[in-house]
Structures are given as C-alpha cells and as structure tokens.
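Single-structure report; data block below.
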Amino acid sequence: MQISVIISAYNRRDFLLKAVNSVANQTLDKNLYEVIVVKNFEDKSIDETLNKLGYKNVVYDTPRWGEMVAIGIEESSGDILAFLDDDDEFKSSKLTKVHQVFNKYKDVYYFHDTREYIYNDEVVDMGTNNPDIRNIIRTLEEITPHNEVTIDPFNKDIKSFLIKYHGIVATTSLMAVRRECMNDKLNLLKRIEISVENFIPAFSAECGKIYHTGERLTRYRIHNKNSSIGFTHEDQIRVLKNYMRSISDGELIINNISRNNQIRNVVKLRLLEARYIMYNSPKDIKGYLKFDEHLINVLKDILELCRLRHSFKECGFNLLFTLYNSLPSETLKRIIRSVRRSNILLK
C-alpha cells in the first residue's frame, strides 16, 4: 500500500519548503510514499529542492483550490491520499500512523488527526500570552475530540456528536482518504472554490467509516495569510471573500451526497454560518464583494442553525443581532444602543 502526499500552494511561497521538508523527514519507509506538489508559480529555490528530493512538481494556475487538489490526485498513483496545505507541516510519525490505520481497519475510508499549533515558528498552546492566538486555539480545541473515534457516518445517532465535534471534518492537512472514494468525484472536486475540507470527508463518508485520532500529528500554522483567520481589515475582507466562495461549494456538496450521510449536517451547518456571517458583515464589505441576501432568508437560516445546534439562547441573540443590523436608520440604531447602555447602568 502506497501513500500519495499532495501539497498545494496558491500564491504563497513563505512556508512551502517547511511543508515539503516535513514530509521528507517522515519515519515511514520512503518507498511507501510519493509526493506531488501543485502550485501556481515557479520558484528557483523551491523547484531545485523538489527536484533534488525527487518529488513531482506540477505548475497549474487556477484560483479554485478544489481544482488544484484534483490535479494533484490525477498526477498521483497511491492507494491512500494524504493532503497538506503549504503553510502546515507533518510531524515525523504522521505517515506511519496513516499507513497503520488504513492497513488495520479495512472499513475505514477517511483518516483525521489532531492539530499541534505553531505561531511565528514556535509551538504554542492555551498557555500562550497572546489573547488572539489563545482564542483561536480554544475555538479549535472545543470542536475537536482528543481521543480515538471510529464513526459510521450513516448512523443517525452520531448527528449531535458530529455537530459538536465538527473539527473531525476540518483542516485538509489533517486528512487522508482511500483513493477509490475520490477517483470518480474529481470533476466535482474541480468545481470547488475553497471548501476542500468539506468535500473530502463528505465523499469519503459515502464509502465507509471515518477515523479520528487524538494524537497531534500535524502542525497547524497560525498566521495572517491563513484562509480562515484575519487580524487586519484587509485580512477580514479576504476571509469574508472565502466565506462567500464557500456558500456555492456547500450547496454543490449537499446536492451530491446521500441524505442519510451525517457529514451532510456539518456541511449544512457551515453553509448556514457562512450566509449568516456574510449578511451581518459591514455594508461596505458586502457591497465590495457583491453579496446580497433577503432578510427573511437569513432569519430562516438562523432558525435552521438553532435546530442543528440545539442552542436556543444563541439563536435568540443571532435573531436580534440580525434584525438590528437590518435597520435602515443609523439614528434608530444609536437610540437602541443608548437605551441598552442606560439599562445596563441602571442594573
């Protein structure tokens, strides 16, 4: 059984060699895996390193992340596909674990591990003094189980578990799948703008069980060019643009997987969250991104989110927040804020 590691990079060169070297330094026998790097640029230093290591170097220019990953799969030959984003790194035992799991569990079609966090090239955790980094880590830790879990994705009883721990199907660098689940889905994958992390587990689940380990085998890099993290106004525009791109992705995935596939609920959760976030974004950003949605549709989305999460306190807040943001008069908004502050002071 051979593993194909597919590394994808779009416009980012900063961390790619670190990702590549992390794969080169695996404890797994080098004869048991190959590496394909798909990127939309040429770079003398990077290309020389790839050539020296004997890794396949594919230059392919497309803004669709799904298309880049699909091209990598087409260029690969392994029975198992492991994915790595250019800004993340594998720990040295990652591929050994992947190989062991797929050898041992023939009914498992999707593998997922747990993150170790790096910021400014140092390993960080909840003990960091940086509150922004601590909040990011806390959020990701809360949606990720820290033990070994094997799940039948067509078992309706695991719906609540997957909604609570939807980190099991997040971050592409943590994922590996059996090739047979992806081969006939590549044309669909090529249509995915950004949501590869939803596509891979959703269609792997169509084939068999999903496996998650609490072992931290992948280093997840926190930085200001991350597709889902924004520290500045410019970063936030980029993140919101990705949310907008993810909406059509979510609809495409939901329309092409089985109704009883419980990963469908996770994809739907993220689709609803993306629409809610976009609607409540600043007007100037929505105008710039040409996002337009009717209030009634967003209110329906919020109610559906409540049903999925069983969180009615949060539901009430989201409804009120959305209604407030929908008010056409800034004067009325200022009056409401003033009344609210007065009530807080009176208490």
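Some points to look at:
- If only residues of the range 140-181 that are among the basic types (Lys, Arg) and within 23 Å of VAL98 (Cβ to Cβ) are counted, the one that is surrounded by the most Cβ atoms within 10 Å (Cβ to Cβ) is ARG178.
- Out of ASP132, ASP113, sole residue that is crowded, with 22+ Cβ neighbours inside 10 Å and outside any loop (DSSP other than H, G, I, E, B): ASP113
- Unique residue being surrounded by 19 or more Cβ atoms within 10 Å (Cβ to Cβ), in a helix (DSSP H, G or I) and not basic (Lys, Arg) when the list is ILE118, ILE137, ILE194: ILE137
- Count - residues of the range 44-68 that are surrounded by fewer than 15 Cβ atoms within 10 Å (Cβ to Cβ) and over 20 Å from ILE192 (Cα atoms): 6
- Of all residues in the range 256-270 being assigned to a loop (DSSP other than H, G, I, E, B) and touching a residue at least 24 places away in the same chain (Cβ under 8 Å), the one that is surrounded by the fewest Cβ atoms within 10 Å (Cβ to Cβ): ASN260
- Every residue from the range 271-298 that is in contact with a Ser or Thr (Cβ under 7 Å, 6 or more places away or on another chain) and either over 15 Å from PRO328 (Cα atoms) or surrounded by fewer than 18 Cβ atoms within 10 Å (Cβ to Cβ) (or both): ALA274, ASN280, LEU295, VAL298
- Of the helices (runs of 4 or more DSSP H) lying entirely inside the range 1-84, the ones with 1 or more residues being farther than 29 Å from ASP249 by Cβ and assigned by TED's automatic domain parsing to the domain that holds HIS99 are found at 16-24, 44-53.
- Selection status of LEU345, at pLDDT 85 or above and either part of a helix (DSSP H, G or I) or not assigned by TED's automatic domain parsing to the domain that holds GLY167 (or both): no
- Boolean, GLY214 is among the small types (Gly, Ala, Ser) and modelled with pLDDT of 95 or more: yes
- Hits in the range 78-131 (condition: out of contact with any helix residue (DSSP H, G or I) (no Cβ under 6 Å at 6 or more places or on another chain), of a type in the set (D, E, K, R) and over 27 Å from PRO153 (Cα atoms)): ASP87, LYS91, ASP121, GLU122, ASP125
Conditions (1) outside the structural domain of ASN318 (by TED's automatic domain parsing); (2) in contact with a Pro (Cβ under 8 Å, 6 or more places away or on another chain); (3) among the small types (Gly, Ala, Ser); (4) within 16 Å of PHE199 (Cα to Cα), marked per residue:
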{"residue": "GLN262", "(1), (2), (3), (4)": "no, yes, no, yes"}
{"residue": "ARG270", "(1), (2), (3), (4)": "no, no, no, yes"}
{"residue": "GLU273", "(1), (2), (3), (4)": "no, no, no, no"}
{"residue": "SER281", "(1), (2), (3), (4)": "no, no, yes, no"}
{"residue": "LYS290", "(1), (2), (3), (4)": "no, no, no, no"}
{"residue": "GLU293", "(1), (2), (3), (4)": "no, no, no, no"}
{"residue": "ASN297", "(1), (2), (3), (4)": "no, no, no, no"}
{"residue": "LYS300", "(1), (2), (3), (4)": "no, no, no, no"}
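The values are calculated or read from the model by the stated rules, or taken from the named source; none is laboratory data. Please read all numbers here as calculations on a predicted model, not as lab measurements. Glycine gets a Cβ as well: all are built from the backbone with ideal geometry, and neighbour counts include every protein chain shown.
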